[in-house]
1. If I filter the stretch 12-49 down to residues being open to solvent by less than 30 Å² (accessible area, probe 1.4 Å) and hydroxyl-bearing (S, T, Y), which single residue comes out as farthest from L129 (Cα to Cα)?
2. Is the stretch 146-160 home to any residue that is of a type in the set (F, W, Y), open to solvent by less than 70 Å² (accessible area, probe 1.4 Å) and within 29 Å of A27 (Cα to Cα)?
3. Six or more apart or on different chains, Cβ under 6 Å: which pairs go from a residue in the stretch 13-35 that's touching a residue at least 40 places away in the same chain (Cβ under 8 Å) to one that's part of a helix (DSSP H, G or I) and open to solvent by 80 Å² or more (accessible area, probe 1.4 Å)? Could you list them?
4. Would you confirm whether any residue within the stretch 50-62 is hydroxyl-bearing (S, T, Y) and either open to solvent by 30 Å² or more (accessible area, probe 1.4 Å) or at positive phi (or both)?
5. Just to be sure I understand, how many residues within the stretch 1-54 are small (G, A, S), closer than 27 Å to Y115 by Cα and outside any helix (DSSP H, G or I)?
6. What are the pairs, 6+ residues apart or on separate chains, where a residue within the stretch 138-156 that is within 12 Å of K85 (Cα to Cα) has its Cβ under 7 Å from a residue that is part of a helix (DSSP H, G or I)?
7. Among the residues of the stretch 73-128 satisfying the criterion of being open to solvent by 20 Å² or more (accessible area, probe 1.4 Å), in contact (Cβ under 8 Å) with a residue 12 or more places away in the chain and of a type in the set (G, A, S), which is nearest to S158 (Cα to Cα)?
Amino acid sequence: MTGSWFLDHLWLVPLLPFLGSLLIALALRPLTSPRVCSAAAIAAVGGSAFVGWGAAFAYFTRHAGETLIPWQMTWLAFTPSFPGKVGVIADDLSLLLVMVVTGISLLVHVYSTGYLHGEPGYPRYFAALNLFTCSMLGLVLSVSILQIYVFWELVGVSSF
């Protein structure tokens, strides 16, 4: 525990856009209007930005220069000396990049609502954009090389 709600819940930063992507792709896209899809995508990234910026503020005011791992678990145990861990890391660079990625992604989401208005793939675009945001945030918060590889591949898939 780090003493800050935002840092303790840093795992929400990549999870919210992922859940938004699933919600849009599986439930909203076939059932509702495109405006609802874009609103859900913006809400997911906005929530991610809120938690990410709050975590960055808490980190830079109390823990600057330290490396914190608010959440971590063993995913695959290759050998006892080489466990495959997943988690989130909080250090100067990762939280700076969280602020950059969430800020730019939120602006891109909002701008895209007007730019893509009337396009047939509008809901699919927002599902893919949320998945891309999740992938980027997972990449910058990765705690192991295995996790970096998984999110790097997700960046490529969602960019395609």
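1. S48
2. Scanning the stretch 146-160 turns up at least one residue that is of a type in the set (F, W, Y), open to solvent by less than 70 Å² (accessible area, probe 1.4 Å) and within 29 Å of A27 (Cα to Cα).
3. Every condition considered, no pair remains.
4. yes
5. Of the residues in the stretch 1-54, 1 are small (G, A, S), closer than 27 Å to Y115 by Cα and outside any helix (DSSP H, G or I).
6. S142/I148; S142/F151; I148/L139
7. Once the filter is applied, the top-ranked residue is A128.
The values are calculated or read from the model by the stated rules, or taken from the named source; none is laboratory data. No experiment lies behind these values; they were computed from the predicted model shown. Reconstructed Cβ throughout: ideal geometry from the backbone, glycine too, with neighbour counts over all protein chains shown. With ligands, DNA and RNA removed, areas are computed over all heavy atoms of the protein, side chains included. Shrake-Rupley method; radii C 1.70, N 1.55, O 1.52, S 1.80 Å.
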